[in-house]
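The structure appears right after this line, and notes come after that.
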Amino acid sequence: MAIFKCSYRFLDAKGKRQTALVPVPRGALTLAEITGFMAAQAPLIDAITESRIDAMAIEIGVTLPGGLKGAAVADSDCEEGGLFSFNCVGTDYAFGLRVPALVQAFFTGQDIDLVNATVAAFTASMNTGLLVGATNVSPSNPYENDIISIASGSKSFRK
């Protein structure tokens, strides 16, 4: 089932942050309608909390496509992953994307084997996008700077 996950982030007087999630069934709602809902609900939430709402976000839950693995590979570990760094247009700063539990065979020491065909297919999807119907959908960094190339890939550990 497709669902909008409306997230409100709170900042308290001690500088600590927490979020609250309000799930809303997507149905035929547009993005404009759901952002309107959040804009109308924010003052209602603000009235019942002592902290400050400092951010709102929407996550859209979608049904997984068929053909994905049905179970995790034995001994896989999300804490050990691969960090891909991408160059972007208009900035000297790389965009990092961490993939948890990266396939161990894709590592050469601490580096990701970026010429491996499976890895290269993924990085190409980030650099040039993917054709969906007649539309090319291309990722960007959070500031909407287009991703233009892979800079590096390395082993990463996160809890």
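The values are calculated or read from the model by the stated rules, or taken from the named source; none is laboratory data. Quantities reported herein were computed from a predicted structural model and do not represent experimental measurements. All Cβ positions, glycine included, derive from the backbone under ideal geometry; neighbour counts span all protein chains shown.
So the values come out like this:
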item	result
Residue that is farthest from Met38 (Cα to Cα) [pool: residues in the range 1-20 that are of a type in the set (A, V, I, L, M) and in a loop (DSSP other than H, G, I, E, B)]	Ala13
Matching strands (runs of 3 or more DSSP E) fully within the range 63-159 where at least 2 residues are within 18 Å of the chain's Cα centre (by Cα) and surrounded by 15 or more Cβ atoms within 10 Å (Cβ to Cβ)	80-88, 95-100, 147-157
Search result, residues across the range 21-59 that are in a helix (DSSP H, G or I), of a type in the set (A, V, I, L, M) and exposed (fewer than 10 other Cβ atoms within 10 Å of the Cβ)	Ala32, Ala40, Leu44
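Every residue, every condition in (1) without any contact (Cβ under 8 Å) to a residue 12 or more places away in the chain; (2) within 28 Å of Ser138 (Cα to Cα); (3) assigned by TED's automatic domain parsing to the domain that holds Ser138, yes or no:
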position: Ala47; (1), (2), (3): yes, no, no
position: Leu68; (1), (2), (3): yes, yes, no
position: Phe84; (1), (2), (3): no, yes, yes
position: Thr91; (1), (2), (3): no, yes, yes
position: Leu102; (1), (2), (3): no, yes, yes
position: Phe106; (1), (2), (3): no, yes, yes
position: Thr118; (1), (2), (3): no, yes, yes
